[in-house]
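Asks: Sharing a structure below in structure tokens format, with a few things to ask.
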Amino acid sequence: MPNQPLPSGLPIIAARAADSHKGTFGRALLVGGSVGMPGSISLSGQACLKGGAGLVTLAVPDAIINTVANFEPSYMTWALPTDRTGRIPLHAKARLNEKLHSSDCLAIGPGLGQTRGLFHLVSHLYETFSKPMVIDADGLNLLAQRDDSLAGHAGPRVVTPHLGEFRRLVGKPHLSMEDARDMAVDVAGNQQVVVVLKGPQTLVTDGHRHWHNPTGNPGLATGGTGDVLTGLITALLAQSLDVYEAALLAVYLHGLAADLAIRETTQSGLTASGLLTFLEEAWRDYESRRDLPST
């Protein structure tokens, strides 16, 4: 891959200035996790750090906060209440608001679970948070329960469904991947969101532009890799990329890390935690080629 130009359309991130500090690269807040599901949000947090965010905070139920903190010492944790089901209750909104105002972007969904209270919490954040926001996993399944799933947002939004989640969002349970790709472009344009339709040659679209990812392999078909992608997108939003460019570059790097990984492991043996270890090599490859003319 070195000495080959980057694919056309990829955003180019400049080298970091010598006087940079952690505040330069943004403050990311990620909300998720539940009892029995601490790993998803932890993977997202680790990926957010490896994506270059300056400060990363994970807001999780207090019942799992020690477990989540033990996954990675470099992110911060913010304890939210835990309801009787082991999930975040609606009244956590007040506690969460204490962090939202100082965050540059927000991600919600990994390991979250689904309750009526979470439906109202996710809907509230989707409708009122004015800064960039990524919605994944159960966050998408909760939005799918709204009358108009993706309408009425207050700021830039990235949604990252796989085919099953996209079917639920649009209310078409038998939609093929080919038809879903066409519909994703329409949905993105009509709702003014960025859709990342995950699958072979993942589609990124804002309704006006669309891009099919050339990286990635079936090794990504394992639990947790979507959580890694959520963290990567969030990291790039924290660094002030717009939602389309952040999604596009994150998808590319995510797939590239998987391609680099299977040089040393196998597709069937690739895990989400293993994928994390190849993100740095993916960044190094990108940086080595960013000054070459694009294809």
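Asks: From the list Val251, Val196, which one is β-branched (Val, Ile, Thr), assigned to a helix (DSSP H, G or I) and either surrounded by 17 or more Cβ atoms within 10 Å (Cβ to Cβ) or out of contact with any Gly (no Cβ under 7 Å at 6 or more places or on another chain) (or both)? Before you say what the answer is, go through the steps one by one.
Replies: On the way: Val196 fails: assigned to a helix (DSSP H, G or I).
One residue alone meets the criteria, Val251.
Asks: Oh, and also: Arg167 passes all but one of (1) touching a Pro at 6+ places or on another chain (Cβ under 6 Å); (2) in a loop (DSSP other than H, G, I, E, B); which number fails?
Replies: For Arg167, the failing item is (2).
Asks: So if I check each of Ala63, Ala59, Ala79, which one is assigned to a helix (DSSP H, G or I) and more than 22 Å from Leu253 (Cβ to Cβ)?
Replies: Ala63
Asks: Looking only at the stretch 274-295, filter to residues that are loosely packed, with under 14 Cβ neighbours inside 10 Å and of a type outside the set (Val, Ile, Thr); which one of those is nearest to Leu55 (Cα to Cα)?
Replies: If we take residues in the stretch 274-295 being loosely packed, with under 14 Cβ neighbours inside 10 Å and of a type outside the set (Val, Ile, Thr), then Glu280 is nearest to Leu55 (Cα to Cα).
Asks: Same structure again: Kindly list the number of the only condition in (1) touching a residue at least 12 places away in the same chain (Cβ under 8 Å); (2) closer than 20 Å to Thr202 by Cβ that fails for Ser103.
Replies: (2)
Asks: Another question, if that's okay. Report whether or not Ser240 is farther than 19 Å from Asp138 by Cα and free of Cβ contacts under 8 Å to residues at least 40 places away in the same chain.
Replies: Spelling it out, it is not the case that Ser240 is farther than 19 Å from Asp138 by Cα and free of Cβ contacts under 8 Å to residues at least 40 places away in the same chain.
Asks: Residues Arg16, Arg95: which one is modelled with pLDDT under 95 and either in a loop (DSSP other than H, G, I, E, B) or surrounded by 15 or more Cβ atoms within 10 Å (Cβ to Cβ) (or both)?
Replies: Sole residue among the options that is modelled with pLDDT under 95 and either in a loop (DSSP other than H, G, I, E, B) or surrounded by 15 or more Cβ atoms within 10 Å (Cβ to Cβ) (or both): Arg16.
Results for (1) of a type in the set (Val, Ile, Thr); (2) farther than 30 Å from Arg209 by Cα, shown as yes or no for each residue.
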{"position": "Pro5", "(1), (2)": "no, no"}
{"position": "Pro11", "(1), (2)": "no, no"}
{"position": "Lys22", "(1), (2)": "no, yes"}
{"position": "Leu30", "(1), (2)": "no, no"}
{"position": "Gly52", "(1), (2)": "no, no"}
{"position": "Thr67", "(1), (2)": "yes, yes"}
{"position": "Pro81", "(1), (2)": "no, yes"}
{"position": "Ala94", "(1), (2)": "no, yes"}
{"position": "Ile108", "(1), (2)": "yes, no"}
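The values are calculated or read from the model by the stated rules, or taken from the named source; none is laboratory data. Every value quoted in this text rests on a predicted model; they were computed, and no experiment measured them. Note that we place each Cβ from the backbone using ideal geometry, even for glycine, and neighbour counts take in every protein chain shown.
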